[in-house]
Amino acid sequence: MSEMDLDLYGDMGDSNGPRSHNSLDTQEHYVLSSLAEVVERVMSFLPSKTLLRAACVCRLWRVCACRKLKARQKITWISSIGAGSMDSGGHSLVHAVTEELEKIYIIPEMFLYFTDFESLNDHGAHGGPKKAKKKHGSEMATALEKLLPSECQIVGLATPGIVVTPIGSANNQPVEMEDGECGFALLFPKITGVKIQKFQFFKDSKCKVFDESKLEEAGLKNNPDLRVVLIFGYNTWRHGATRFLHQVLNPLNEKSIIIAGGQVEYLASFSSQTLGSLPLSNQRNYNSRNTQGTDCIGVVGLALSGQQIQGATVLLDQDVYDEKTVDSAMQRLKAANIPTENSVGLMFACVGRGEQHYKKKNVEADSFRKHFPNVPLLGFFGNGEIGCDRVVSGSFTLRECNGEKDNLLHGYTTVMTLIHFGPSK
């Protein structure tokens, strides 16, 4: 975190922030303008936006604020459950992000969000479902981009259902929302020793073979520090989608990395406001590629690299059919001994599971909470699942793979994943 990074949210030194010490008596003035230890202790209680305003006071406060922001490396999430209004600003997740960005203690560098797609259609039903989802999905993406720091990378996806832990505490009970308006966002700060890189590939109708060199460009091949790949297919209802997904996944199918994700309804956002700094010709090329990428069969995701990252996944297949068998699967995930501090649980389930499968609500989310009481669980119900039983921690193996490639594409399953990002400092 450099001092220039303090300008990410724009001009934070407005009239609402402190500007002078005239109102302080001499002793207070001396302490708060001279003793870095005291200033940093006070600043440890300030959310990031308030801290950015405080950084405008003087050089000491700026240096202290920069140091505090650099030390904040905890993964954060924002979630929403309940209806919003397109007339008053859109989806409920936009309202939640608007409010919670004032309270968070990090500056996000990567913003990964998921929202239910039906509510976007409902809000715009007068234009027809297909037209509505594109229009209001785009409006939501634009609204979120305006709220976030200018350098923040954004990936957004719309899915049939959402799995969400209500904001406020990591030990809140996660909820499987198979219908109704809801959404969540994962906010990744700059983490020492960790690189988070987004990627996007789409099927080229003129070429039947996927160019694997693109994987290396995205940090997905020949990357010894790669630990986790979160990967999501969209427009996979179209002819040729399964073949394309296999072409992308097969070269990644290595036992040294975690692969987890699923198939969503559509891509809502894949952008960064850094686009405005590019030459105009490059912006046109980017917009052309991005538009094509949202309309055709495609894959997006995040490559998580860094030796401190640890992860494990278990696959809940059709043999997992009641609370007892779900509990057994969670025990296997627990046995991987992945640290739970600064970790997140991810659940990617088939639309055919949930209450329809178990004849009871929230079975898988409840079991996760039982075994991981202090880890937020987030995810979605989708049209297919990506992943397998696998652990990358260096100390434990969930199962022997017998040297064979794992099957990564599934249906009527749930992929349950735990990822640890190292100490949060």
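Data table
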{"quantity": "Conditions (1) touching a Pro at 6+ places or on another chain (Cβ under 8 Å); (2) free of Cβ contacts under 8 Å to residues at least 60 places away in the same chain; number of the one not met by Val351", "calculated": "(2)"}
{"quantity": "Gly156 vs. criteria surrounded by fewer than 22 Cβ atoms within 10 Å (Cβ to Cβ) and of a type outside the set (Ser, Thr, Tyr)", "calculated": "no"}
{"quantity": "Members of the stretch 183-235 that are of a type in the set (Asp, Glu) and assigned to a loop (DSSP other than H, G, I, E, B)", "calculated": "Asp204, Asp211, Glu212, Asp225"}
{"quantity": "Test: residue in the stretch 278-294 that is crowded, with 20+ Cβ neighbours inside 10 Å, closer than 26 Å to Cys207 by Cβ and modelled with pLDDT of 90 or more", "calculated": "no"}
{"quantity": "Members of the stretch 197-252 found to be touching a residue at least 24 places away in the same chain (Cβ under 8 Å), within 28 Å of Gly394 (Cβ to Cβ) and of a type in the set (D, E, K, R), listed by number", "calculated": "Lys198, Glu212, Lys221, Asp225, Arg227"}
{"quantity": "Options Lys221, Lys198, Lys190: the member that is under 22 Å from Leu101 (Cβ atoms), in contact with a Leu (Cβ under 7 Å, 6 or more places away or on another chain) and open to solvent by 10 Å² or more (accessible area, probe 1.4 Å)", "calculated": "Lys198"}
{"quantity": "Any hit, the stretch 161-176, residues being at pLDDT 90 or above, touching a Phe, Trp or Tyr at 6+ places or on another chain (Cβ under 9 Å), in a loop (DSSP other than H, G, I, E, B) and within 25 Å of Leu408 (Cα to Cα)", "calculated": "no"}
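The values are calculated or read from the model by the stated rules, or taken from the named source; none is laboratory data. What you see is a predicted model, and the numbers here were worked out from it, not measured in a lab. We place every Cβ from the backbone using ideal geometry, glycine too, and count neighbours over all the protein chains shown. These accessible areas exclude ligands, DNA and RNA; they are computed on the full protein's heavy atoms, side chains included. Shrake-Rupley method; radii C 1.70, N 1.55, O 1.52, S 1.80 Å.
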